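Following: one structure in structure tokens, then a few remarks.
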Amino acid sequence: MTDQTTTTDESAADAGHGGHAEGEQSMRGLYITIFLTLGLLTIFEVYIPSVYSAAWSGTTKMLLLCFLAFSKAGLVATYFMHLKWEKPWLRWIALMPVYMGVALILIMLETLYR
Amino acid sequence: MDSGHVAAADHAAPQTSVPEDPHFGKATGGKVGMWIFIAQDGMSFGGLLFAYGILRSAATEWPVPSDILGISLTAIATFILICSSLSMVFAVAAAEERNQEGLVRWLMVTIFGGLLFLGVQVWEYTHLVHAGIGFAECTWEGETVNSLFGSTFYSVTGFHGMHVTAGVIYLCCILRGAMKGKYTQGGTSSSPVELVGLFWHFVDLVWILVFTFIYLL
């Protein structure tokens, strides 16, 4: 991470932890943007199965839904849970359950290509 | 001031800052602890979803979830939970701004969102059980369905529902303290609100994945 990026992150952290009023206002704007994005992605997600039954393949649907779900989960963890402004050690702790996902993918691949 | 007075003063006044740690920065011990708890709890959910994936992929017959489960209603419940996550970040911001009124208001909104979600889940369970989807035996419109569908559905969503219930209780405890002004004294006094926020967002995050894997796929 460059020095400039670190400074930007620290400023954002200050804003996120009760810094200046302007920073607090921008954080509220950011939270609302994330909220709206989550809402839109949910609408898109719910719409996918109906489109899938008409035209798409099962794999396309699965990959698209997984991508959307993990994107939404990532947004919640990064912005609502403030991981964006935490030190790398805390991010590594937060990533621990992802190892489980890796194991799941490996086992499912083994089942598919047995 | 003697040591007794110093100790009393330390106890009364909120800690103004957390010393910088080379690994965790200004994160409090409570926050690091909460993240470790969330990581292990995430693995519990991962294990359940893991089992669900294996059982479903190995099953010769599995019903299309959207044929049985009410996707529209659950999508609304998902949106309610996302709304409660937004109100939670506003509650944390209010605590950090020492805005007691805002904190109490946003905590109440978050609790209401959690209760609404639980209400939807109870309604859904009641409807499904009456329709024949049990934990050990499943029938749908007069035909027998793979019983693992019901077992996995109730295990995963039930485990999540227990987390929402625990979250609502946790939020109520924090609300009680917030009404007394405990978390709006500046410094690290708002830390408990941040911790309950982390737990609540985690519950929301897990539901996002559960909704996709159990309902939509």
- Query: Within the stretch B:101-129, how many residues are surrounded by fewer than 23 Cβ atoms within 10 Å (Cβ to Cβ) and either of a type in the set (Lys, Arg) or within 14 Å of chain A (Cβ to nearest Cβ) (or both)?
  - Reply: 3
- Query: Out of the stretch A:56-107, which residues are outside any helix (DSSP H, G or I) and in contact (Cβ under 8 Å) with a residue 12 or more places away in the chain?
  - Reply: A:81, A:82
- Query: Conditions: (1) out of contact with any Asp or Glu (no Cβ under 9 Å at 6 or more places or on another chain); (2) open to solvent by 10 Å² or more (accessible area, probe 1.4 Å); (3) among the small types (Gly, Ala, Ser). Residue B:177 meets all but one. Number of the miss?
  - Reply: (2)
- Query: Got at least one residue in the stretch A:76-89 being modelled with pLDDT under 85 and open to solvent by 40 Å² or more (accessible area, probe 1.4 Å)?
  - Reply: no
- Task: Hey, could you check the stretch A:54-73 for residues that are closer than 25 Å to residue B:89 by Cα and more than 9 Å from chain B (Cβ to nearest Cβ) and say which is least open to solvent (accessible area, probe 1.4 Å)?
- Result: A:71
- Query: Exactly one of (1) within 21 Å of residue A:75 (Cβ to Cβ); (2) modelled with pLDDT of 55 or more; (3) in contact with a helix residue (DSSP H, G or I) (Cβ under 8 Å, 6 or more places away or on another chain) is unmet by residue A:13. Its number?
  - Reply: (2)
- Would it be correct to say that residue B:169 is β-branched (Val, Ile, Thr), exposed (fewer than 14 other Cβ atoms within 10 Å of the Cβ) and within 16 Å of the chain's Cα centre (by Cα)? yes
- Query: If you go through the stretch B:134-145, how many residues are touching a Leu at 6+ places or on another chain (Cβ under 9 Å) and within 16 Å of residue B:52 (Cβ to Cβ)?
  - Reply: 1
- Item | Matching entry among B:187, B:161, B:150 (being among the small types (Gly, Ala, Ser), away from chain A (no Cβ under 14 Å) and over 26 Å from residue A:34 (Cα atoms)) | B:150
- Within the stretch B:76-91, considering residues that are open to solvent by 10 Å² or more (accessible area, probe 1.4 Å) and in contact (Cβ under 8 Å) with a residue 24 or more places away in the chain, the one nearest to the other protein chains (Cβ to nearest Cβ): B:83
- Query: Of the numbered conditions (1) assigned to a helix (DSSP H, G or I); (2) under 22 Å from the mean Cα position of the chain (by Cα); (3) aromatic (Phe, Trp, Tyr), residue B:183 satisfies every one except a single condition; which is it?
  - Reply: (1)
- Query: Looking at B:103, B:49, which is the one that is more than 28 Å from residue B:176 (Cβ to Cβ), assigned to a helix (DSSP H, G or I) and within 21 Å of the chain's Cα centre (by Cα)?
  - Reply: B:49
- Determine which member of the set B:72, B:151, B:147 is in contact with an Asp or Glu (Cβ under 9 Å, 6 or more places away or on another chain), free of Cβ contacts under 8 Å to residues at least 60 places away in the same chain and surrounded by fewer than 22 Cβ atoms within 10 Å (Cβ to Cβ). B:147
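The values are calculated or read from the model by the stated rules, or taken from the named source; none is laboratory data. Keep in mind the model is a prediction, meaning the values are calculated, not measured. Positions of Cβ are backbone-derived with ideal geometry, glycine not excepted, and every protein chain shown enters the neighbour counts. The accessibility values were calculated without ligands, DNA or RNA, using every heavy atom of the protein model including side chains. Shrake-Rupley method; radii C 1.70, N 1.55, O 1.52, S 1.80 Å.
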